[in-house]
Amino acid sequence: MACGISCVDNALNRTFYKLGIFIGRHPGYFLIVPVLLALLCMTGYQQIRYEIDPEYLFSPIRGEGKSERAIVENYFKVNYTHRFNVGRITRPGRFGRVIIVAKDEDKNLLRTEVWEELRLLDGIIQNATVHYDGDTFTYREVCARWENECFTNDILNLDQIIGEVEAGELNLTFPVMFNPVTWDAHVFPVFFGGTQVSEDNLIISVPSLQLVYFVTADSKRQDARGAAWEEAFLDAVGYAEDNGVFQHISVARFASRTLDHELEKNTRTVVPYFSSTFILMAVFSVVTCMMGDVVRSKPWLGLMGNVSAVMATMAAFGLAMYLDIEFIGINLAAPFLMIGIGIDDTFVMLAAWRRTSVKLSVPERMGHMMSEAAVSITITSLTDMISFWIGIASPFPSVRIFCTYSGFAVCFTYLWHVTFFAGCMAVSGYCEFKNLHAIFGYKVLPESVAIKGNQWFLYSD
């Protein structure tokens with residue numbers, strides 16, 4: 001076993017030594033080619049397939065619930081366009097939902113002025129204009145139907161008798177009551193929330209009420225039109241609520257895409273941190289790579305270590321998109337991980353460089369540096385990749401997608417560091433060999449001469 005490990009270690013040392021020698025002699029290829037490859041891979045962003053469906057992302061691929069739902073849907077299919085029945089719904093579909101509470105001091109909604117505003121709210125929702133793919137339509141054109149009638153919230157028909165109810169001349173019986181005017185069978189638990197009921201099952205107070213609007217979703221096009229209607233629904237209700245259209249009621253809105261939007265909104269909150277994080281890590285890397293010797297100091301290598309990690313991550317993401325792998329918001333956490341891995345590799349390679357003899361030529365120093373450092377970063381990168389590859393076996397698509405993108409990113413970060421960043425180190429090595437200033441790049445006096453001439457600060461000529 002020990003012999004096997006030693007053989008692998010020796011083989012890696014010899015391989016990376018030769019690679020270091022080659023990079024030291026031809027650094028230009030390792031600076032230009034990785035940049036061109038990164039730009040080529042980044043064209044994959046035009047193929048991005050963004051996935052935000054929470055059910056798909058956060059439920060097991062072969063979960064029992066999905067199998068049982070398939071059985072239910074086989075026998076009790078939902079027909080949105082002809083005979084829609086709420087009891088057959090097994091998927092969210094496309095819908096808009098509003099929850100109403102009183103805005104004034106009287107928390108009971110069984111009032112005439114409240115029902116007038118409920119009718120106004122219903123009109124706003126049903127008349128909201130939607131523009132999609134060259135078509136203009138309202139709720140009535142896309143509503144779920146029973147025969148030729150749209151699904152309706154029959155509870156609104158209580159406006160026919162709400163005056164009598166408010167005056168105490170008519171009582172509402174819980175849980176079901178027939179409307180004496182329209183003969184609708186009002187099932188109050190469906191619409192009323194937190195209802196206060198007397199011992200005789202008479203409704204005393206209703207603090208909240210909900211209305212639901214279902215739209216057709218039998219085909220992909222209908223589903224897309226329904227999604228467009230949901231956007232218009234959320235905007236219309238939000239505008240009415242925010243601009244004081246209602247004096248007696250307060251309205252909360254919800255749609256099938258609300259959770260999707262919240263997840264997407266939460267994802268976007270991460271984006272502003274990219275620039276600040278990169279700047280912070282770049283400053284940290286530059287400062288920690290500096291030393292008292294203005295020739296042997298390597299501040300620009302600290303910065304290029306960050307650039308290498310970012311470039312590799314972007315290239316990895318682009319390639320994954322070319323492979324038609326869905327992109328999710330959680331993937332935006334990967335760049336933070338990759339910058340950390342990249343900085344760690346940068347410090348390992350820089351420490352190995354400083355342990356080499358300054359009397360050796362740049363290619364020789366590169367060979368010894370790569371022989372020592374590349375083996376350790378190979379092992380750590382390999383363990384990181386294996387960890388993410390194991391995550392690809394997860395039954396949850398969100399975990400699989402994140403681990404796929406992160407696995408690609410770790411692999412690319414490793415490759416870019418042993419090529420692009422190594423090329424940067426070779427260039428820096430030649431600057432050191434020519435006794436150039438580490439920051440400004442002009443030639444300075446040797447350290448011993450500068451000390452004797454009392455020109456220690458910048459080794460100036």
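Values as computed for the structure displayed
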quantity: Residue in region 317-324 that is open to solvent by less than 10 Å² (accessible area, probe 1.4 Å), at pLDDT 90 or above and of a type in the set (Gly, Ala, Ser) present; calculated: yes
quantity: Boolean, Gly28 is small (Gly, Ala, Ser), at pLDDT 90 or above, surrounded by fewer than 15 Cβ atoms within 10 Å (Cβ to Cβ) and farther than 25 Å from Ser394 by Cβ; calculated: yes
quantity: Condition broken by Tyr273, with the remaining ones in (1) over 30 Å from Gly305 (Cα atoms); (2) among the aromatic types (Phe, Trp, Tyr); (3) open to solvent by 20 Å² or more (accessible area, probe 1.4 Å) satisfied; calculated: (1)
quantity: In region 76-114, residue least open to solvent (accessible area, probe 1.4 Å) [restricted to those that are closer than 23 Å to Lys66 by Cβ and of a type in the set (Gly, Ala, Ser)]; calculated: Gly93
quantity: Helices (runs of 4 or more DSSP H) completely within region 384-461 that count 3 or more residues being exposed (fewer than 14 other Cβ atoms within 10 Å of the Cβ) and either at pLDDT below 90 or in contact with a strand residue (DSSP E or B) (Cβ under 9 Å, 6 or more places away or on another chain) (or both); calculated: 447-452
quantity: Qualifying positions in region 31-56 - modelled with pLDDT under 85 and among the hydrophobic types (A, V, I, L, M, F, W, C); calculated: Ile52
quantity: Residue in region 52-64 that is open to solvent by 50 Å² or more (accessible area, probe 1.4 Å), over 30 Å from Phe317 (Cα atoms) and not hydroxyl-bearing (Ser, Thr, Tyr) present; calculated: yes
quantity: Output for region 131-163, where each listed residue is within 22 Å of Glu116 (Cβ to Cβ), surrounded by 13 or more Cβ atoms within 10 Å (Cβ to Cβ) and among the charged types (D, E, K, R); calculated: Asp154, Asp159
quantity: Residue satisfying all of: in region 196-252; over 17 Å from Asn153 (Cα atoms), part of a strand (DSSP E or B) and of a type in the set (Val, Ile, Thr); most open to solvent (accessible area, probe 1.4 Å) among these; calculated: Ile204
quantity: When residues of region 291-313 are limited to those that are outside any helix (DSSP H, G or I) and touching a residue at least 60 places away in the same chain (Cβ under 8 Å), the one most open to solvent (accessible area, probe 1.4 Å); calculated: Arg296
quantity: Cβ-Cβ under 6 Å pairs, at least 6 apart or on other chains, region 355-366 side closer than 19 Å to Ser297 by Cβ and part of a loop (DSSP other than H, G, I, E, B), far side open to solvent by 50 Å² or more (accessible area, probe 1.4 Å) and modelled with pLDDT of 90 or more; calculated: Thr356/His368
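The values are calculated or read from the model by the stated rules, or taken from the named source; none is laboratory data. Since we're looking at a predicted model, the values are computed, not measured. No Cβ is skipped: glycine too gets one built from the backbone with ideal geometry, and neighbour counts run over all protein chains shown. What goes into the accessible areas is simple: the full protein's heavy atoms, side chains included, and nothing from ligands, DNA or RNA. Shrake-Rupley method; radii C 1.70, N 1.55, O 1.52, S 1.80 Å.
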